[in-house]
Amino acid sequence: QVLFHLGEMITATASVSDEILELLGQEMNYQIQVVSPEEEDRELLGSFDISFGENHGGEEDLAARPPVVTVMGHVDHGKTRLLDTVRKANVRESESGGITQHIGAYQVPAELEGEERLITFIDTPGHEAFTAMRARGAKSTDIAIIVVAADDGVMPQTVEAINHAQAADVPIVVAVNKIDVEGANPAKVRQQLTEYNLVAEEYGGDTMFVDISAKQGTNIESLLEAVLLTADAALDLRANPDMEAQGVAIEAHLDRGRGPVATVLVQRGTLHVGDSIVAGDASGRVRRMLDEHGADITAATPSRPVQVIGFTSVPGAGDTFLVVDEDRVARQIADRRRARERNAELASRRKRVSLEDLDAA
Ligand code: GTP
Ligand code: MG
């Protein structure tokens, strides 16, 4: 009624703009505060003392964590084969047409100067269709390995991967692969990459290049050493393991037998079986956790990728996740997010309908 008198033809079920809400508030003597979805989330999470993107607790709470390394590069340059060799496993066999279509994550032991260490690897697809997955991969990582096949050289998705890594300010190690192939030209790859500010140490730059053959297992240890050296030299890889877990969902799908299955990367805190968890608009309780060998584990510490079973719906890839105190809270956060998405969708549908009405008239 008030709006009607102000000349705004608005019905009771219509969505109104922020400006109109503020106008209405003024007219009726209410203080209206317009809150963005991000602010709403932050407010909600703030009441549970949670925030993203930084370490929690004091210096004394931080413990060393393994580096998270994303493997990127042009299609067929040997990313998955490299990780198969590192893991002494065979993922490529199970891929359709040998083309990686989702992100895989594995933790493997490595050695530096006689010391046993762990590295978390994230495999990404090289096919041009999967830009978003590469962008995401580059964001939740500490180091990027750019794989370039020495018989093919720098290609479009090589450049794209480098751009993602540089935009995310992630240090790069270059693996020049397929040096066993006739006509392989590792020197040319080095030369091509100078154009993207990746200058090999032997040419006076500060990027580590390692010539490898993923197929024959050549120089794999040197590559792992280069990764660990980069981690030690450039990064402060520590996190508080003694808090409720937070991290990112890397990949998720609906499994016929097990229901929603999400591969998550724990970034801080420790994830336990039994925890209430929320990721995007999905929530649930961790019923089981499986490591990269399919073995059950009960706790996952920082930098650990793990498959989580127990979500009631499938989280989105790239969604941040966090553990909350109770099922109820997890559900509440997920419900709010879902309601918000539904409202946005309704609003856009309403707009479409009214346009169609106009057309009809
Ligand atoms: P996408 O995930 O689809 O981008 O491909 P990818 O980069 O994971 O390549 P993948 O590991 O599937 O390897 C592509 C092909 O190159 C396969 O046939 C591998 O066996 C072969 N290959 C990978 N590394 C080497 C290598 O070092 N030498 C030789 N000769 N072949 C290799
Ligand atoms: Mg692959």
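Checking ALA161, ALA150 one by one, the residue that is more than 16 Å from ligand 2 (Cβ to nearest atom), open to solvent by less than 10 Å² (accessible area, probe 1.4 Å) and touching a strand residue (DSSP E or B) at 6+ places or on another chain (Cβ under 8 Å) is ALA150 and no other. Within segment 105-126, the residues that satisfy the criterion of being touching a helix residue (DSSP H, G or I) at 6+ places or on another chain (Cβ under 8 Å) and within 16 Å of ligand 2 (Cβ to nearest atom) are TYR106, PHE121, ILE122, ASP123, THR124, PRO125, GLY126.
Among residues of segment 71-85 that are touching a residue at least 60 places away in the same chain (Cβ under 8 Å) and among the hydroxyl-bearing types (Ser, Thr, Tyr), those with a beta-carbon under 7 Å from a residue that is open to solvent by 20 Å² or more (accessible area, probe 1.4 Å) and more than 9 Å from ligand 2 (Cβ to nearest atom) at least six positions away or on a different chain give the pairs THR85/GLY217. Scanning segment 252-259 turns up no residue that is out of contact with any Gly (no Cβ under 8 Å at 6 or more places or on another chain) and buried (at least 18 other Cβ atoms within 10 Å of the Cβ). The residues listed here are ASN197, ASN240, ASN185; of these, the one that is touching a helix residue (DSSP H, G or I) at 6+ places or on another chain (Cβ under 6 Å) and either farther than 19 Å from VAL71 by Cβ or without any contact (Cβ under 8 Å) to a residue 24 or more places away in the chain (or both) is ASN240. Annotation note: of GLY280, GLY257, the sole residue that is on the phi > 0 side of the Ramachandran plot and free of Cβ contacts under 8 Å to residues at least 60 places away in the same chain is GLY280. Within segment 163-182, the only residue that satisfies the criterion of being free of Cβ contacts under 8 Å to residues at least 60 places away in the same chain, over 26 Å from the mean Cα position of the chain (by Cα) and under 17 Å from GLY73 (Cα atoms) is ILE179. Hey, which of the strands (runs of 3 or more DSSP E) in segment 250-361, taking only ones fully inside, have at least 3 residues that are basic (Lys, Arg) and modelled with pLDDT of 90 or more? It comes to 282-290. In summary, ILE146 fulfils each of the numbered conditions (1) part of a helix (DSSP H, G or I); (2) within 14 Å of ligand 1 (Cβ to nearest atom); (3) at pLDDT 90 or above; (4) of a type in the set (Val, Ile, Thr) with the single exception of condition (1).
Scanning segment 113-143 for residues being of a type outside the set (Phe, Trp, Tyr), in a helix (DSSP H, G or I) and open to solvent by 10 Å² or more (accessible area, probe 1.4 Å) gives a total of 8.
The values are calculated or read from the model by the stated rules, or taken from the named source; none is laboratory data. Since the model is a prediction, treat every value here as computed from it, not as a measurement. As a convention, Cβ positions derive from the backbone with ideal geometry for all residues, glycine included, and neighbour counts pool all protein chains shown. All accessible areas refer to the heavy atoms of the entire protein, side chains included, with ligands and DNA or RNA removed. Shrake-Rupley method; radii C 1.70, N 1.55, O 1.52, S 1.80 Å.
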